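Student: Dumping the structure here so I can ask a few things about it.
What follows is calculated from the coordinates using simple rules that are stated; it is not laboratory data. Here the structure is a predicted model, which means the values were calculated and not measured. Methodologically, a virtual Cβ is constructed for each residue, glycine included, from the backbone with ideal geometry; neighbour enumeration extends over all protein chains shown.
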Ligand code: TRP
Ligand code: ZN
C-alpha cells in the first residue's frame with residue numbers, strides 16, 4: 001500500500017466513522033422535491049420509483065371528510081436520507097417506512113419523510129401514511145379545477161395534469177407509473193367507482209366498502225374516484241369486466257347512457273387499428289356535476305362531464321377519444337407534459353376514424369377542416385403550459401398523424417402505430433422516441449416531415 005493510498009484509506013475510515021455518528025455516511029442525500037418538469041413545478045419527486053399504491057379510503061359525504069391509509073411500495077433509485085411525496089392539503093397523522101416510525105413534515109403540497117435510516121440505492125421500501133381531512137380541488141387555469149371535488153351526494157376526483165395529490169400521497173408525475181389497489185368505504189346506498197377490475201363490495205354497520213384493482217401500471221393523473229348515486233352496470237366485454245356508471249340525475253335512457261353503452265363496440269373498433277386493448281377491464285362514468293367541464297381518459301374507466309351530452313343524440317366521438325387514450329396516453333404515457341400531442345393528436349385522430357366508420361364525416365373532411373383552421377405559428381410540441389390543451393395539440397397533432405399516414409401509406413402507418421404501442425406498452429415515451437420508431441419501421445427519414453407538421457411556422461404542403 002503506498003503512502004497516498006494509506007492516507008486515503010485513513011481519511012475514508014474517518015469519514016465513515018463520522019458518517020456513522022450522524023447517520024449519514026455520504027451515501028444518502030435528500031430526494032428531489034419534484035420531477036423537474038417545467039409544466040408542473042412541484043409535481044412528482046426524485047430518488048425513487050413507485051411500484052404499487054395500496055389505498056384504503058373512507059369518505060363521508062355529510063361532512064366531506066376523508067380518512068386514508070396509503071401504503072406505497074417503491075424502490076430507491078439513489079441513496080436517500082429523506083424523500084418527498086405530493087399531498088395537497090389534508091393532515092398527516094403518522095408515517096412509517098418499512099414498518100418503523102419516520103419523521104415527517106409538510107412544505108406546501110409536499111410531504112417530506114425522513115426515515116430512521118437512509119435508504120440505499122436499489123432498495124425496495126414501503127411507506128405507510130395515515131392521513132385525513134376535507135380534500136379540496138386544485139385551482140387550474142383552463143378547463144376547471146382538478147382533483148377532489150365534493151358533490152351534493154358524494155365526490156369526483158379527477159384532473160389533468162394534476163389531481164391525485166388531493167386525495168392520496170403520491171409521486172404525482174406520469175413518468176412514474178404504478179399498479180394500484182383501492183378499498184373505498186362510503187355510506188350504504190352510494191356507489192364508489194374507480195379504475196380497474198371490480199373486486200367486490202361488502203357492507204357493515206351502515207357502510208359499504210368497494211374494492212378495485214388496477215394491475216397494469218397507471219400514471220397518477222389517470223386515477224379516479226367517483227362516489228355518489230349512480231346507475232352502475234357490471235358485465236363483461238371480450239372476456240373482461242365492463243363497468244359503466246351513469247349519474248342518477250341523468251336520464252336513464254338519455255344520450256349519456258346511450259353513449260357510454262357503446263364502450264365495448266368502440267373499444268373493439270379501435271383495437272382493429274391499434275392492436276389489442278391494453279387493460280384488464282373496460283368502462284366509463286358519466287357524471288352530472290357541471291363543474292366537470294371535460295372528459296378524462298382515466299384508466300379503464302373514462303369520466304365524461306355532462307356538457308358532452310346536451311342534445312338528444314348520443315355523442316360517441318368523445319367516447320372514441322377517451323378510449324383511444326387507453327392506448328395513447330394510458331398504456332404508452334408521457335415522459336414529460338410538453339409531449340402531450342402524443343396523447344391528444346392520436347386521440348383526436350381516433351375521433352376522425354370513428355366518425356368515418358360510424359357514418360359521420362370522412363377522415364379526409366376532418367383533415368381538410370382542421371388544416372384550414374390551423375394557426376401554424378403555434379407548435380404541437382412544447383406548446384407551453386397555458387396551451388397544453390389547445391388546438392395546436394389536439395387538431396394540429398391529428399393533422400400530423402394523418403400527414404404521416406399519407407406519407408408512408410396505410411400498411412406502414414398502421415404497422416408503425418401497432419408496433420409502437422406494443423414496444424412501449426406500460427411505459428413512457430417522448431416525441432423523439434416516436435419519430436425514431438416511425439423512421440425505423442418505415443426505413444426512411446420522417447423527421448423533416450413530422451417537424452414541419454408538428455412545429456413548422458407555416459402550413460406544410462399536403463403529402
Ligand atoms: N385530456 C382530456 C381529453 O383530452 C381533456 C382535459 C384537458 C382535461 N384538461 C383537463 C380533463 C383537465 C380533465 C381535467 O379528453
Ligand atoms: Zn384527449
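Student: Could you give the Stokes-Einstein D for the stretch 334-455 in µm² per second, using the C-alpha Kirkwood radius, 4 °C, 1.567 mPa s?
Tutor: Once the numbers are plugged in, D ends up at 89 µm²/s.
Student: Along each of its three principal axes, how wide is the spread of alpha-carbon positions in the stretch 39-176, in whole angstrom units, largest first?
Tutor: 46, 31, 24
Student: Along Cα→Cβ, 7 Å out, is where each label goes; now give me the distance between the ones at residue 312 and residue 293 in nm to one decimal.
Tutor: Result for the modelled spin labels: 2.8 nm.
Student: Could you grab the Rg to Rh ratio for the chain? Cα atoms only, Kirkwood for Rh.
Tutor: With Rg and the Kirkwood Rh in hand, the quotient comes to 1.02.
Student: Another question about this same structure. Sort 414, 434 by Cβ crowding within 10 Å, fewest neighbours at the top.
Tutor: Final ranking by Cβ density, sparse to dense: 414, 434.
Student: For a protection proxy built on the mean count of beta-carbon atoms within 10 angstrom, sort 302-314, 163-175 highest first, please.
Tutor: Result, highest mean Cβ count within 10 Å first: 163-175, 302-314.
Student: Sticking with this one: Give the distance, in whole Å, between the Cα centre of the stretch 113-137 and the Cα centre of the stretch 263-291.
Tutor: Result: 33 Å between the Cα centres.
Student: Next question, about the same structure. Starting from 0.36 nm per residue, how many nanometres of slack lie between residue 430 and residue 357 once their C-alpha separation is accounted for?
Tutor: Extending this stretch completely gives an extra 23.3 nm.
Student: Something else: Report the gain in length on full extension from residue 62 to residue 229: 0.36 nm times residue separation, minus Cα-Cα distance, nm rounded to one decimal.
Tutor: Residue separation times 0.36 nm, minus the Cα-Cα distance, leaves 58.7 nm.
Student: Between residue 447 and residue 188, what is the label-to-label distance in nm when each label sits 7 Å out along the Cα-to-Cβ direction?
Tutor: Modelled inter-label distance: 6.5 nm.
Student: Send over the per residue convex hull volume for the stretch 174-222, Cα only, as a whole number of Å³.
Tutor: 62 Å³
Student: What percentages, rounded to whole numbers, describe P(r) for the stretch 193-315 computed over all alpha carbon pairs with 10 Å bin width beginning at zero?
Tutor: It works out to 13, 44, 35, 8, 1, in whole percents.
Student: Any chance you could run the full-extension gain for residue 375 through residue 29? It's 0.36 nm times the residue separation minus the Cα-Cα distance, nm to one decimal.
Tutor: Value of the extension gain: 119.9 nm.
Student: In which sequence would 58, 152 go, from the one with the fewest C-beta neighbours within 10 Å to the one with the most?
Tutor: 152, 58
Student: Starting with the fewest neighbours, write out 37, 93 ranked by other beta-carbon atoms found within 10 Å of each beta-carbon.
Tutor: Sorted ascending by nearby Cβ count, the order is 93, 37.
Student: Report, to two decimal places, the Cα Rg of the stretch 122-253 normalised by 2.2 N^0.38 Å (N = number of residues).
Tutor: 1.11
Student: Another one. Please report the spacing between the Cα centers of the stretch 388-431 and the stretch 74-108 in Å, no decimals.
Tutor: 38 Å
Student: For the ranges 419-428, 66-75, 39-48, 449-458, what's the packing order if you count other beta-carbon atoms within 10 Å of each residue, average per peptide, and put the highest first?
Tutor: 39-48, 66-75, 449-458, 419-428
Student: Any idea how far apart residue 240 and residue 75 come out in nm if each label point goes 7 Å out from Cα toward Cβ?
Tutor: 2.5 nm
Student: Report, in deg cm²/dmol and to the nearest 500, the calculated mean residue ellipticity at 222 nm for the chain, where each DSSP H run with n ≥ 4 adds -39500 (n - 2.57) and the sum is divided by the residue count.
Tutor: -9000 deg cm²/dmol
Student: Here's a follow-up. What's the Cα-based Rg to Rh of the stretch 147-195, Rh via Kirkwood?
Tutor: Looking at the stretch 147-195, the ratio lands at 0.99.
Student: Moving on to the next point. I need the peptides 254-267, 360-373 ranked by packing, meaning the mean over residues of other C-beta atoms within 10 angstrom, with the highest value on top.
Tutor: Top of the packing list down: 254-267, 360-373.
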